[in-house]
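First up is the structure itself, then whatever we jot down about it.
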Amino acid sequence: MDPLLPRAVDDYLDELVTAQLYDPVVMEMERRASATGFPIVGRAAGRYLELTTHMAGARRVVELGSGYGYSSFWFARGVGEGGEVIGIDHDPQNAHLAESYLRRAGMWERCATRTGDALEQLAAIEGTIDLVFCDIDKDGYPAAWEAVADRLEVGGLFVCDNALWYGRVAGLAPTDQDAEVAAAQAAVAPAVAAMTREVVNDPRYLTSVVPIHDGLLVAQRIG
Ligand SMILES: C[S@@+](CC[C@H](N)C(=O)[O-])C[C@H]1O[C@@H](n2cnc3c(N)ncnc32)[C@H](O)[C@@H]1O
């Protein structure tokens, strides 16, 4: 599927990351995504997530929808040694794959996985969370925000992938999709848009949507 930005620009952003950091395990995870059509955040967004985590000094990250650990890799770099990344996914196979990849990438000591519904697992996690990353099924976005909004403390970050949802939240529709995919995407666009409006209109949060990958919403609790 076509990226939001022109393909050449998207490739350029990815290439800039590779020039800074070459990791064979990351490449392997990316090859899996290409081969299976699994929707990872990709390299440019991954690096941005690492940077955001690092800039905020976040030491404890919870991922809602962590897949097989690709985004976890970047968060694990961001939290640094002694930090913690808890990845939640309802597919147990993903947890196994994540452990295997993250071990080989030297990041497993900072990571843990939980299998189950993202919001149930989030509710079961005790203590302060510095950053919540949301990348679950898009119809679950409004409920995810509802669960996170009060949970984060001042300084905490809510980061959400696919905030631009292939341009659909702005009335665009990709032209290179089959009808079934297009209908499924269109059906959940209102949920993504509704969540985004809720976040940007919440006076406790300072929010921006960055058009990397499919749009990353970044919101910091300030009040
Ligand atoms: C877009 S993929 C995550 C990709 C991952 N963040 C990355 O970039 O590497 C979404 C994942 O969320 C999981 N998922 C979707 N809805 C979920 C839910 N309500 N609870 C738990 N996991 C969920 C799916 O199994 C899938 O692995």
### Task
Based on a Kirkwood Rh over C-alpha pairs, give the Stokes-Einstein translational diffusion coefficient of segment 1-124 at 20 °C and viscosity 1.002 mPa s in µm²/s.
145 µm²/s
### Message
Using Cα springs under 10 Å in a Gaussian network model of the chain, which residue among PRO190, PRO92, PRO24 shows the largest mean-square fluctuation?
### Response
PRO24
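Determine, for VAL26, VAL188, VAL154, VAL61, the number of other Cβ atoms within 10 Å of each Cβ, and report the residues in order from fewest to most. Before the final figure, lay out the partial values.
Working: VAL26 20, VAL188 17, VAL154 9, VAL61 30.
Final ranking by Cβ density, sparse to dense: VAL154, VAL188, VAL26, VAL61.
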### Per-residue Cβ neighbour rank within 10 angstrom, fewest leading, SER72, SER66
SER66, SER72
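Compute the Cα gyration tensor for segment 57-165, then decide on rounded, prolate or oblate, letting a ≥ b ≥ c be the square roots of its eigenvalues: rounded whenever a/c is under 1.5, prolate when a/b is larger than b/c in the other cases, and oblate in all that remain. Please report the intermediate quantities before stating the final value.
Numbers: a/c = 1.65, a/b = 1.22, b/c = 1.35.
Here segment 57-165 falls in the oblate category.
Among DSSP bridges having both ends in the chain, what percentage is antiparallel? Round to the nearest 5.
Working: 10 of 28 bridges.
Approximately 35 percent, going by the DSSP bridge assignments.
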### Message
Between ILE40, ILE86, ILE125, where does the largest GNM mean-square fluctuation fall for the chain, given springs only between Cα atoms within less than 10 Å?
### Response
ILE125
### Query
Looking at the chain, which Cys residues are left with no other cysteine's beta carbon under 4.7 Å from theirs?
CYS111
### Task
Give me the percent of Cα-Cα pairs in the chain that sit more than 33 Å apart, rounded to a whole number.
10 percent
## Note on the structure
Around GLY155 (Cβ within 14 Å, Cβ-to-Cβ, excluding GLY155; K/R +1, D/E -1) the net charge comes to +3
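Taking neighbour counts of Cβ atoms within 10 Å as a proxy for exposure, in what order, fewest first, do ASP135, ASP161, ASP23, ASP176 appear? If you can, show how the numbers build up before the last one.
Values: ASP135 22, ASP161 26, ASP23 16, ASP176 8.
Fewest to most other Cβ atoms nearby, the residues stand as ASP176, ASP23, ASP135, ASP161.
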#### Entry: Centroid-to-centroid separation of segment 86-136 and segment 190-223 [C-alpha atoms, Å]
22 Å
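What is the sum of charges, Lys and Arg at +1 and Asp and Glu at -1, for the other residues whose Cβ falls under 14 Å from the Cβ of PRO142? Provide the component values of the computation, followed by the final result.
Working: positive: LYS138, ARG197; negative: ASP137, ASP139, GLU146, GLU198, ASP202.
Neighbourhood net charge equals -3.
Bear in mind these aren't lab numbers, they're just calculated from the coordinates by the rules spelled out. Just so it is clear, the structure is predicted and the values come from calculations on it, not from any experiment. Note that we place each Cβ from the backbone using ideal geometry, even for glycine, and neighbour counts take in every protein chain shown.
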